[in-house]
Amino acid sequence: MIKVTKKNGESGERLLKRFSGHAKSRKLQHKFRALRYFAQKPRKKNVRESAISREEYREEAKKKQFL
């Protein structure tokens, strides 16, 4: 995590530039882009849980349909 504190007499623009310099040096932009466009596959446990919840929702909807 990057923490940048404002120095005495430092402008907001300079603070922002210093922050972006720290971020570039740690290559954070590349990491975030990789996570954004190349999403990881969901874990097997999450896929299973979502399938179970989907089935429960469908059963409830089916019951309500005939009432």
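No value in this document is a laboratory result; all are computed from the given coordinates. Predicted, not measured: the structure shown is a model, and the values here were computed from it.
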Largest first, please: the extent of the C-alpha atoms of the chain along each principal axis, to the nearest Å. 71, 26, 17
Nearest 10 degrees, 0 to 90: what angle lies between the long axis of helix 44-65 and the longest principal axis of the chain (Cα atoms)? 50
